[in-house]
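Worksheet for the structure shown next.
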Amino acid sequence: MATMEVDEQQPSRRRPVFTIDDDHPFDLDAYIAPYTGRTVIDRLIAIIVHCPSIAPHALTLAFQHLHRLRDPSLVNTVIGAYENVLGTQEGKGLPPVADVVSVDVEWVEEVTKRNVAERTKLEVELKTYTNNMIKESIRMAHRDLGDFFRSTGEFGLALKHYTKSREFCSTSQHILDMCMSVLELAIEQRNYTHIPSYVYKAEGALESLTIGSAVASAVAPSSASTSQVPQGFTAAGASTTSGGGIGASSMAGSAGGLSQSSQSRKSTDRDHIQTKLEFVLALSHLGTGAYDKAATAFLKLGPPEQLGDWIGKLVAPSDIAIYGTLCALASLPRSSVKAQLVDNPIFATYIEQEPYVRELVQAYMASDFKTVLDILSRNSIRHNTDIHLSLHTPELTKLIRHVSLVLYFMPFETVRLERMAEALGWSVEEVEREVVGLIQGGRIIGRVDSRGKVLVAKKTDHRAELFARAMKMASEMEKTNRKLLLRMRLQQADLVVKDPKTTRREHDRGLEIALGDSMV
Amino acid sequence: MSESLPSPPEQPPRAMEPEEPSSTSPTASTSASVSIVAAEATTPAAVVALPPTAPGAPPPSPSTGAVPLMPVGIDNDISLMNVITAITTATSPPHLSQYLKNFAPKEVREVVLASMLPEGQDPLAILDIQANTLGILYILSARLHVPSAPRPPLNYIEDFCSNFVAEQARFAPDRVTLLAAGIVQAAEQEGNLRAAILPMQALLLRYSPSPSHLTTIHPIFARICVSSRAFTVALPILAHPITTIDLAISDLTYNDNLVYHYAGGMIYAALRRWAEAEEYFEICACSPGAVPAAIQLEALKKLVLVQLIREGKTSPLPKYTHPNLSRLFKNTPYSAFVNAYPHHRSQLRTIVEAEGPLFSAEKTLGLINEALERAPRWSIRKLTATYLTLHLSDIGRAVGIENESHVRTLIFDMIQSSEICARLSADGTVSFSDPPFQFGKADVDKVLGSAQEQCTLLARLEREMARSKEYLAKAVKGKDDNVSWPGAPTAPMEEDISVDRVGSNFSWAEDVGFV
């Protein structure tokens, strides 16, 4: 749980700073528009830290959004971030906080008061329920407290209450709800290592839920009265939660009128949750640096509608387009990129949201690597300020550069480094350095003529290689055989090294042991 | 950790009777050797307990009627004369051996065997080396070990070693071991260990039934070759790998095997024949055992260094290596050395400087230095895979040698020893090229031939194994557990056996090598 609070020290760490100019444009308003809720503030803070030149604008935007939330501590966090930037070299000349925004003290006080009141109310409720030992109510009280703490920015407490509610879950639906809440919290906190275990828990719950409801619906028409009890119970619990849809539909099912529409609705709900789980898992792969897994997972996602309320609240479709594309270009082979990305109609709907990603993919498929790298550099601010992507941007860019080099060289037998440099827009030294690294890493099968600055593909004489290999294997095998034979003989004769302490005992057992050892 | 290991045998423990003057150094008589001696001493305790001052006492009659050929009068009277008579009149070597082993209580027996005839005549002069090999063997070995006995002249020993009849000597393998140890001991006392080499070599060559048999003479011989730095003498013997163990012709212990292969590795390493050295050290380090022996750890250290010298990297140990061995190795400074090899030369030097005393105490400093010296070569080898041409200065920078002329000499040397294929032009540019593959039809035929030989050998061994009593007993026993009904037909049983054989007994064949 302590890991949930990692972000505490992040502002103190020195972060790279990016300037916005003609080559690196960035439209803050367009960027922030699709988001709602807390993530807006998180993203704006990232921008304040990374791009001092637009920090005042970001600060203003943040204050506009702050009032829609109920976490007064965010005011200080945002101002703190801004003041940090003011203190740095790049922040010189920016207007002070007071010139940009004014803190609405009244609002802060009022919200704080309201929060305290609500907290007391919820805690009293929890206490009462705990005394009465009503399991379902205790669960709901924990859940409400978790929601409350999450909205007021006390993530540790929120997680504590969410996980506490686990003990009082009585149906798979409850477990699922709990997992989804924790996952949302984990995404907000960018706690990627925490994610997979809850995804698996949620998947388990989802599975049993689907099976359970399928069985129940099958039984329902014949014996509506018997199935009423558990189904009704589920509904009672679930209808009050955010995933009330399922509860409602199962109510309809238990009523005996198992209509086609309710069944399809149930399956859509299932798809929604499934897609959300896939998304969060993909995000955790990205967060932990498993780019190939992340790429595959992002490219498999269902359509954006299925992410439901997460769109905007946690993520924008354009984010998914960027994450998925960058990971795919960096880690997947060209054929997979074509099959999974270019020919993928569902992912195309994500790409639509971010036109430059389409250009990026097209340039990549056309082997126009200079454009690929240009687009990457042009949009570097977008990538470097993204709360989920920023840490991985340098690594992903490096990987894409490597892929570009490897793909560029692939059709050639010899290439002048100069020409490569031209095609990729780098200096010759840079190309040579990268190429040498790739050769040593085994990615490029070739050798560099460092005098003539030429990269030459390695010609392998497969026949000779085969012969050499076979001869080597033969002699190795012969040696191995001989050594094993000796070993076997030694064991048969019981000439094995013995522990001096147990020698006497083992001596009596003699050959039996020797044979036994040879089996091991 | 280390106390669980048998002590490193400086000298191999022999199954010598306890009262003999110990030829082994004091360190050798700790843990392992003592228990082996105790376990393998064949003399009945009652005999040992007899007072040595009673030469006239009736000898314990041999347990069986094993010596019926002995003249009746001699039986009751122990004197060298009678022994000589017995030797000269005996017709059956096994019976003679039995007699010589049992004609008197042990200490008495050795003293008698080592004594002179009444007129001060040397019994060896009477006996014929060819006809009385067994008798002479007893006398010689006793003479070499009884402290007060007159030493047999060296040229007589040499004569005996190169002319004795091996078939006779094989009836008394323990005496052969004694003789070998005695020769070495005598040479050591004279301060001329090299003198022992030739007789030992002759003894070894004549005694072992084939070059692939391991005998107790092997480790002693290999050890004196190492001690006296007469490395090349051992080569003809080391050239035949050991594949056969026959306890009937040699009373071997596990230490004989370990010491022989360890010393063999040392010899090859001293001659810079790294491939063979690697094999010998590997056999020693990977010999079977319930616990790893200290000598195996030493062998492993040297094995790893030899691999670094030979390949520039270590290769994984066979799967059957004792797991504790690699764990023990990881705790030594050698492990750090291996990890830093070959690119981090400064780190390597730091290790060598810091652990120098340890390395020189463990007698590995030579190998360490050799490996260190060769480190840049491996780095250069790696460059040839990346570059076609490279300037000397670039190479120097990549390898960590500042002086360009040093790099030049190094490259020259590597080209000459055909470690790399390259051309060096006047302006200091090195052009690397692929080494040409050269295989003739004859090479391929040779490899194929030896592979077929191996196949036949393995097939024969498998058949032998499938026929062996131990194996059948085991297979049938395993079967009894599976089959619950009585009178199961025979045919399925045989099927079972073959399945079992492939599945379990021969699982080693899958484990190894084919990966």
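Some points to look at:
- Test: residue in the range A:26-40 that is among the β-branched types (Val, Ile, Thr), over 24 Å from the mean Cα position of the chain (by Cα) and at pLDDT 70 or above: no
- Unique residue being touching a His at 6+ places or on another chain (Cβ under 9 Å), closer than 23 Å to B:Glu110 by Cβ and surrounded by fewer than 23 Cβ atoms within 10 Å (Cβ to Cβ) when the list is B:Gln189, B:Gln185: B:Gln185
- Test: residue in the range A:316-335 that is of a type in the set (S, T, N, Q), part of a loop (DSSP other than H, G, I, E, B) and free of Cβ contacts under 8 Å to residues at least 60 places away in the same chain: no
- Some residue of the range B:395-403 being within 11 Å of chain A (Cβ to nearest Cβ) and surrounded by 13 or more Cβ atoms within 10 Å (Cβ to Cβ): yes
- Members of the range A:282-300 found to be of a type outside the set (D, E, K, R), open to solvent by 30 Å² or more (accessible area, probe 1.4 Å) and not in a loop (DSSP other than H, G, I, E, B), listed by number: A:His285, A:Thr296
- Every test in (1) touching a helix residue (DSSP H, G or I) at 6+ places or on another chain (Cβ under 8 Å); (2) within 12 Å of another protein chain (Cβ to nearest Cβ); (3) aliphatic (A, V, I, L, M) is passed by B:Leu388 save one, and that test is (1).
- A single entry from A:Ala141, A:Ala202 fulfils the requirement of being in contact with a Cys (Cβ under 6 Å, 6 or more places away or on another chain), among the aliphatic types (A, V, I, L, M) and open to solvent by less than 10 Å² (accessible area, probe 1.4 Å): A:Ala202.
- Hits in the range B:121-153 (condition: touching a Ser or Thr at 6+ places or on another chain (Cβ under 7 Å) and under 16 Å from B:Leu203 (Cβ atoms)): B:Leu134
- Selection within the range B:302-321 - in a loop (DSSP other than H, G, I, E, B) and not charged (D, E, K, R): B:Gly312, B:Thr314, B:Ser315, B:Pro316, B:Leu317, B:Pro318, B:Tyr320, B:Thr321
- Checking the range A:125-136 against the condition returns no match, with no residue being crowded, with 17+ Cβ neighbours inside 10 Å, modelled with pLDDT under 85 and assigned to a loop (DSSP other than H, G, I, E, B).
- Every pair of residues 6+ apart whose Cβ atoms lie under 7 Å, when the first sits in the range A:430-444 and is within 10 Å of another protein chain (Cβ to nearest Cβ) and under 13 Å from A:Lys458 (Cβ atoms) while the second is among the small types (Gly, Ala, Ser) and surrounded by 14 or more Cβ atoms within 10 Å (Cβ to Cβ): A:Ile439/A:Gly446
- One residue stands out among those in the range A:484-498 that are open to solvent by 30 Å² or more (accessible area, probe 1.4 Å) and within 7 Å of another protein chain (Cβ to nearest Cβ): the one that is farthest from B:Asp246 (Cα to Cα), which is A:Arg487.
- Sole residue being surrounded by fewer than 20 Cβ atoms within 10 Å (Cβ to Cβ) and out of contact with any Gly (no Cβ under 7 Å at 6 or more places or on another chain), chosen from B:His343, B:His391: B:His343
- Of all residues making up the range A:28-59, the number that are of a type outside the set (A, V, I, L, M, F, W, C) and out of contact with any helix residue (DSSP H, G or I) (no Cβ under 9 Å at 6 or more places or on another chain): 1
- Taking every residue in the range B:169-194 that is farther than 13 Å from B:Ile224 by Cβ and in a helix (DSSP H, G or I) and pairing it with any residue that is β-branched (Val, Ile, Thr) and open to solvent by less than 10 Å² (accessible area, probe 1.4 Å), at least 6 positions away or on another chain, the pairs with Cβ-Cβ distances below 6 Å are B:Ala169/B:Thr133; B:Ala169/B:Val176; B:Thr177/B:Thr216.
- Of A:Arg463, A:Arg447, all but one fail to be assigned to a helix (DSSP H, G or I) and either without any contact (Cβ under 8 Å) to a residue 24 or more places away in the chain or open to solvent by less than 50 Å² (accessible area, probe 1.4 Å) (or both); the exception is A:Arg463.
- Scanning the range A:405-429 for residues that are open to solvent by 30 Å² or more (accessible area, probe 1.4 Å), in contact (Cβ under 8 Å) with a residue 24 or more places away in the chain, assigned to a helix (DSSP H, G or I) and within 22 Å of B:Leu383 (Cα to Cα) yields A:Glu418, A:Val428.
- Which numbered condition B:Ser287 fails, given (1) hydroxyl-bearing (Ser, Thr, Tyr); (2) at pLDDT 90 or above; (3) within 15 Å of A:Lys483 (Cα to Cα): (2)
- Residues located in the range A:55-105, provided they are aliphatic (A, V, I, L, M) and open to solvent by 60 Å² or more (accessible area, probe 1.4 Å): A:Ala98, A:Val103, A:Val105
- Qualifying residue in the range B:337-345 (condition: part of a helix (DSSP H, G or I), without any contact (Cβ under 8 Å) to a residue 40 or more places away in the chain and in the same structural domain as B:Arg229 (by the TED database)): no
- Among residues of the range A:375-386 that are of a type in the set (A, V, I, L, M, F, W, C), those with a beta-carbon under 8 Å from a residue that is open to solvent by less than 20 Å² (accessible area, probe 1.4 Å) and not in a helix (DSSP H, G or I) at least six positions away or on a different chain give the pairs A:Ile381/A:Cys51.
- Summed over the range A:339-387, the residues that are open to solvent by less than 50 Å² (accessible area, probe 1.4 Å) and not β-branched (Val, Ile, Thr) give a count of 20.
- Of the listed requirements (1) over 30 Å from B:Leu348 (Cα atoms); (2) aromatic (Phe, Trp, Tyr); (3) over 31 Å from the mean Cα position of the chain (by Cα); (4) surrounded by 16 or more Cβ atoms within 10 Å (Cβ to Cβ), B:Phe439 misses just one: (4).
The values are calculated or read from the model by the stated rules, or taken from the named source; none is laboratory data. Just so you know, these numbers come straight off a predicted model, no measurement behind them. Reconstructed Cβ throughout: ideal geometry from the backbone, glycine too, with neighbour counts over all protein chains shown. Please note that ligands, DNA and RNA were not included when accessible areas were found on the heavy atoms of the full protein model with its side chains. Shrake-Rupley method; radii C 1.70, N 1.55, O 1.52, S 1.80 Å.
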